[in-house]
Structure formats: C-alpha cells, structure tokens
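The values are calculated or read from the model by the stated rules, or taken from the named source; none is laboratory data. These figures come from a predicted structure and were not determined experimentally. A quick note on method: Cβ atoms are made from the backbone with ideal geometry, for glycine too, and the neighbour counts reach across all protein chains shown. Surface accessibility is based on the protein's heavy atoms, side chains included, excluding ligands, DNA and RNA. Shrake-Rupley method; radii C 1.70, N 1.55, O 1.52, S 1.80 Å.
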Amino acid sequence: MTRRDIALLVVGIGIALVLPRVLYSALALRIVLWALFAVSVDLLLGYGGMLSFGHAAFWGAGGYAAALLAKAYQLPFPLAALGGIAVAMALAAPIGYLAIRRRGIYFAMVTLAFAQMLFYVVNELRDLTGGENGVQGVPKILPGISLGRTSDFYYAALPLVLVGFFVAYRIVHSPFGHVLVSIRDNEARAQALGYPTQRYKLIAFVLSGGIAGLAGSLFAIGNSFASLELLHWTTSGSAVLMTVLGGMGTLWGGGVGAAIVLLLEDSLSSVTEAPGVVTGAILIAIVLGFRRGIAPALQRAAVLVWARLQALRAAGQV
C-alpha cells in the first residue's frame with residue numbers, strides 16, 4: 001500500500017465508524033452498502049471497460065438467497081451472506097460467459113436482458129420468493145449479540161463491508177488487475193502479448209458479481225426484507241450513476257457517488273414532491289462540471305493544497 005492509500009483507508013474507516021452518529025442509522029447502512037455495490041460496478045466498468053446494465057441481478061440474487069437462508073434455517077447473518085455471495089457468483093459465471101462475447105452497448109444489453117429474465121423468474125416463483133410481497137421478516141442473527149437496532153447491525157456488518165472493499169482493492173492492485181486494465185485500454189494488444197483476455201474478463205465479471213452479492217445480502221438482511229426492487233433495472237442504473245458520478249477507475253469514488261445520490265434523495269424528499277426531478281437536475285450539473293467524477297476532482301484539489309502548503313513551508317511562511 002502506498003502512503004496515499006493508507007491515508008484514504010484511515011479516512012474511510014473513520015467516516016464509516018462515525019456515519020451512524022452523524023446520520024440516522026438506516027441511511028448510513030444504505031450508503032455503505034450502495035457504496036460497495038458501486039465498487040463492484042466500478043471493478044467491471046472502470047477497470048475492465050465493461051458497462052453492465054444488469055448488475056442488479058447479482059445484488060438481488062445475493063439478497064434473496066441470504067434472506068431465504070436466514071429465515072428458513074435461522075443462520076447467523078455472516079453465513080447467510082456467504083450463501084448470497086455463492087449464489088451471486090454462480091449466477092454470474094454463465095451470464096458472464098455469454099455476455100463477454102459482445103462488446104460495448106451489446107454487452108450492456110445482454111446483461112440487462114438476463115437481469116430482466118431473473119426479475120420475472122423471481123416474481124413467478126411466489127411460493128419461494130413471495131412474488132410481489134417479497135421475503136418478509138428476515139431475522140438478523142449473530143450469536144451472543146442483539147441486532148434489533150439498525151445501528152447494532154450496522155457495526156456488526158461493517159467488517160464484512162470493509163472486507164469487500166479490501167478484496168476489490170487487492171484485485172485492482174494485483175497483476176490480474178493490471179492485465180484487466182490493459183485489456184480495457186487495448187484488448188488486441190493484450191491478446192498479442194499472450195493473455196487469454198476472455199478468461200480474464202470472465203473472472204472479473206464473476207468477482208464483481210460476488211462483491212455485488214455481498215452488498216445485496218447485507219442490504220436484504222439489514223432491512224429484514226428482500227423485494228423485487230432489488231432486481232429492477234433501475235437499481236442497476238442507480239449503481240452505474242453512482243460509479244460515474246464518483247469517478248470511474250477510482251474504487252473509492254463509488255462511495256462518494258453513493259453518498260451524494262442517497263443524501264440528495266433523503267434531504268429533498270422532505271422538501272419537494274418531486275425529489276427525483278430535482279435530484280436529476282443536480283446530478284446532471286455535477287456530471288457536466290466534473291467530467292471525470294467527484295473523486296478525481298477532490299484528489300486533484302488535495303494535491304494542489306498539499307503542494308501549496310509545501311511551497312509555503314519551504315518559503316518559511318508556515
């Protein structure tokens with residue numbers, strides 16, 4: 001880890017620890033889980049160059065699987081979340097195998113088509129999934145610890161969220177991640193160098209699906225409810241929006257984008273009857289003003305401030 005990465009890690013953990021004390025716990029939980037979901041999308045889009053409009057399939061599949069496991073077998077939520085991850089990755093393997101054979105908008109459309117198919121399948125399996133009513137009354141279980149309050153579950157689930165972020169960080173900073181970036185920049189050259197690009201893209205797709213499944217699992221258990229909204233195409237669109245807004249290819253930009261979108265939605269819902277319209281207008285202005293995203297802009301500003309302080313210190317003014 002570089003010094004900058006360590007500093008970002010410390011700041012990120014600090015923010016995550018105090019977030020429920022600054023905001024109400026339910027909103028804090030939504031922010032960290034949507035941030036992890038956006039990171040999974042960024043792993044695929046920002047580092048692999050693959051735009052998925054169907055990532056809600058893995059967020060929702062993980063959520064439904066974890067909810068059903070926790071409710072039917074009274075499993076502790078970390079074990080139920082592991083089950084959700086396994087289901088999401090198992091689902092991502094065949095979808096990814098077919099989707100990576102296309103590029104650009106065709107890849108996006110294939111992922112969207114599979115996600116919509118899953119949406120209708122889950123809706124039809126009413127005896128198992130509850131259909132439009134969803135899976136209700138999902139227990140939050142951890143032996144020896146009461147998780148009745150949302151704040152208690154937030155801190156119990158936070159280590160798993162941090163593990164998800166760490167896994168994404170290790171992926172993009174490993175030799176595998178560097179090859180993935182080279183495939184994004186010039187796939188033909190990567191193939192000429194002898195890299196099996198299709199295999200790399202499939203592995204990235206499955207890993208991204210697993211991280212999304214972890215976020216969806218914790219989201220469903222934390223809210224004690226798994227609904228069809230988890231699988232809706234607008235859920236995928238929201239995750240892509242957060243990734244682009246925060247900054248593609250940054251990882252931590254997903255957290256920034258998630259926080260901005262969710263805070264805007266929460267604050268404007270009590271001010272106007274059409275919060276989506278106002279939120280959309282604000283987000284358009286932000287995207288037009290920060291072409292590369294909020295996170296890179298903040299990073300450049302921090303570098304400039306640091307350089308200015310170093311110059312003043314060298315001149316003896318600080």
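Ordering HIS178, HIS55, HIS173, HIS232 by accessible surface, largest first, gives HIS178, HIS173, HIS232, HIS55; the 1.4 Å probe counts only protein heavy atoms, with every chain in place. Taken over the chain, the ratio of Cα radius of gyration to 2.2 N^0.38 Å equals 1.02. In this rough spin-label picture, where each label sits 7 Å from Cα along the Cβ direction, the VAL181-ILE15 distance is 2.1 nm. Note on region 89-150: percent of Cα-Cα distances in each 10 Å bin, starting at 0 and stopping at the bin with the largest distance, equals 18, 28, 26, 20, 7. Taking a quarter of the surface of the Cα convex hull of region 149-206 gives a mean projected area of 4.7 nm².
Taken over the Cα atoms of region 43-145, the convex hull encloses 104 Å³ per residue.
Principal semi-axes of the equivalent ellipsoid, √(5λ) from the alpha carbon gyration tensor of region 163-243, are 31, 14, 10 Å from largest down.
Working note: Cα atoms of region 184-289, range along each principal axis, descending, whole Å: 57, 38, 22. Placing a pseudo-label 7 Å from each Cα along the Cα-to-Cβ vector at ARG300 and ARG189 gives an inter-label distance of 2.3 nm. Mean residue ellipticity at 222 nm, helices only, the chain: -25500 deg cm²/dmol; runs of at least 4 DSSP H residues each add -39,500 (n - 2.57), and the sum is divided by the number of residues. Loop-located trypsin sites (Lys or Arg not before Pro) in region 118-197 (DSSP state other than H, G, I, E, B) with a sparse environment of at most 14 neighbouring Cβ atoms within 10 Å: ARG149. For the options LEU158, LEU82, LEU17, a Gaussian network treatment of the chain with springs between C-alpha atoms closer than 10 Å singles out LEU17 as fluctuating the most. The ALA7 and LEU268 beta-carbon pair, evaluated with R₀ = 51 Å, returns a calculated FRET efficiency of approximately 0.95.
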